[in-house]
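Structure record follows, encoded as structure tokens.
The values are calculated or read from the model by the stated rules, or taken from the named source; none is laboratory data. All values reported here derive from a predicted model rather than from experimental measurement. Here Cβ is always computed from backbone atoms with ideal geometry, including for glycine, and neighbour counts include all displayed protein chains. We work out accessible area using only protein heavy atoms, side chains counted, and drop any ligands, DNA or RNA first. Shrake-Rupley method; radii C 1.70, N 1.55, O 1.52, S 1.80 Å.
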Amino acid sequence: LCVFLPSPTVTSPCKILKCNSEFWAATSGSHHLGAEEAPEFCTALRAYAHCTRRTARTCRGDLAYHSAVHGIDDLMVQHNCSKDGPTSQPRLRTLPPGDSQERSDSPEICHYEKSFHKHSATPNYTHCGLFGDPHLRTFTDTFQTCKVQGAWPLIDNNYLNVQVTNTPVLPGSSATATSKLTIIFKSFQECVDQKVYQAEMDELPAAFADGSKNGGDKHGANSLKITEKVSGQHIEIQAKYIGTTIVVRQVGRYLTFAVRMPEEVVNAVEDRDSQGLYLCLRGCPLNQQIDFQTIRSAQATEGRARRKGPSLPAPPEAFTYETATAKCREKLPVEDLYFQSCVFDLLTTGDVNFMLAAYYAFEDVKMLHSNKDKLHLYERTRELAPGNMAPTGTHPTLWVALLCLSWLCLL
């Protein structure tokens with residue numbers, strides 16, 4: 001419950017993620033130690049304990065902090081480590097392939113496609129993504145731009161929970177972006193122990209909150225694994241036991257999230273009536289959605305976005321509609337909703353990193369979406385643009401089809 005409380009500040013002063021990362025870097029590959037390595041492990045463990053003590057006051061209510069403290073105590077006992085001694089952090093030797101951290105002989109139940117669909121068709125995979133100011137693509141390919149300031153659940157089913165915290169991009173602005181992400185993988189049979197992953201601005205760890213990189217000590221632990229693609233910028237989590245891939249990026253100051261998940265897992269919930277709360281499944285509540293079409297029309301005519309309520313403060317870098325469009329076209333040549341989101345974000349924030357966020361979000365769609373014909377999304381509009389042109393944002397193919405249909409009616 002503590003994990004899902006909204007954070008009142010933009011960034012947390014708790015630095016437990018840094019402590020976890022330093023400990024993992026010092027002990028990577030040393031889960032099972034020989035007697036000659038125990039003193040070095042104890043040294044790294046004492047440094048870990050010292051790091052947690054330094055941040056204890058600011059981490060009082062942080063679940064990852066308390067998990068780390070208890071984990072340190074357990075490891076101290078297991079390895080007969082003294083609490084007194086040196087605290088420098090040596091790099092321990094990496095064990096050869098075959099260590100428990102690299103087990104490949106997981107039981108069949110820990111591989112989703114082998115266990116869940118042994119005698120049936122290939123599962124249908126779905127995709128959800130969140131990026132920018134913030135823009136949401138749901139599991140049903142609905143695209144929304146939302147306010148959703150504070151903490152909101154993205155996913156909550158029998159296997160995992162995902163929550164994001166969105167904070168204002170500029171003081172006094174309704175433009176928000178994701179500053180914190182929490183993922184809880186629930187314990188599952190003989191495959192994985194419960195694992196918590198936390199990321200926030202300027203802290204994108206390549207390990208779970210307890211410092212591990214896989215699902216723990218169970219036989220199928222390697223069916224849950226974190227891989228660092230680009231240090232501090234891009235991590236990927238493979239949860240093979242539920243057929244799920246998660247991509248988390250830090251672009252500029254803010255985080256992006258993308259997931260590929262089987263429909264069967266998406267819909268695995270105890271209470272189906274409560275699914276409406278989860279953004280990836282049902283989208284943002286109506287009172288949190290922004291009318292993208294109206295905003296975009298204002299951008300084109302006024303040169304900047306205007307939302308309901310107090311006017312936005314001037315962004316640090318002034319973009320006109322024309323310069324924002326030209327900038328976004330550098331990375332997003334197809335004028336779909338990812339392109340339009342890019343233009344929207346440049347006008348509302350003035351931060352060119354939001355262009356990169358839209359670009360990487362679409363790159364993740366190309367990697368994770370199972371239907372390659374649905375990669376691009378186009379805005380549906382209600383009325384024709386001036387001059388009897390096609391509706392703004394309408395897919396060209398659809399417009400040609402409508403023209404052909406009108407000719408058939410005339411014939």
Failed condition for Pro396, given (1) at pLDDT below 90; (2) more than 30 Å from Phe139 (Cβ to Cβ); (3) open to solvent by 60 Å² or more (accessible area, probe 1.4 Å); (4) not hydrophobic (A, V, I, L, M, F, W, C), with all others met?
-> (2)
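Need at least 3 residues that are at pLDDT 90 or above and either open to solvent by less than 30 Å² (accessible area, probe 1.4 Å) or in contact with a Cys (Cβ under 6 Å, 6 or more places away or on another chain) (or both) per element, so show me which strands (runs of 3 or more DSSP E) inside the range 104-152 make the cut, counting only ones lying wholly within it.
125-131, 135-137
Quick one: count up the residues across the range 175-198 that are open to solvent by less than 40 Å² (accessible area, probe 1.4 Å) and either within 23 Å of Cys14 (Cα to Cα) or not in a strand (DSSP E or B) (or both).
Of the residues in that region, 15 qualify.
This table checks each residue for (1) in a loop (DSSP other than H, G, I, E, B); (2) over 14 Å from Gln198 (Cα atoms); (3) at pLDDT 80 or above.
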{"position": "Thr11", "(1), (2), (3)": "yes, no, no"}
{"position": "His31", "(1), (2), (3)": "yes, yes, no"}
{"position": "Pro39", "(1), (2), (3)": "no, yes, no"}
{"position": "Thr43", "(1), (2), (3)": "no, yes, yes"}
{"position": "Arg46", "(1), (2), (3)": "no, yes, yes"}
{"position": "Ala49", "(1), (2), (3)": "no, yes, yes"}
{"position": "Thr52", "(1), (2), (3)": "no, yes, yes"}
In the range 215-227, is there at least one residue being open to solvent by less than 30 Å² (accessible area, probe 1.4 Å), at pLDDT 95 or above and of a type in the set (D, E, K, R)?
-> no
Restricting the search to the range 66-81, which residues are in a helix (DSSP H, G or I) and either farther than 16 Å from Pro39 by Cα or out of contact with any helix residue (DSSP H, G or I) (no Cβ under 7 Å at 6 or more places or on another chain) (or both)?
-> His66, Ser67, Ala68, Val69, His70, Gly71, Asp73, Asp74, Val77, Gln78
So which pairs qualify, if the first residue must be in the range 205-225 and within 15 Å of Ile16 (Cβ to Cβ) and part of a loop (DSSP other than H, G, I, E, B), the second must be open to solvent by less than 50 Å² (accessible area, probe 1.4 Å) and among the basic types (Lys, Arg), the Cβ gap must be under 6 Å, and the two must be at least 6 apart or on different chains?
-> Phe208/Lys195
Provide a single number: the residues in the range 358-381 that are assigned to a helix (DSSP H, G or I) and open to solvent by 10 Å² or more (accessible area, probe 1.4 Å).
-> 10
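Can you pull out every residue in the range 321-357 that is in a loop (DSSP other than H, G, I, E, B) and without any contact (Cβ under 8 Å) to a residue 24 or more places away in the chain?
Matches in the range 321-357: Pro333 only.
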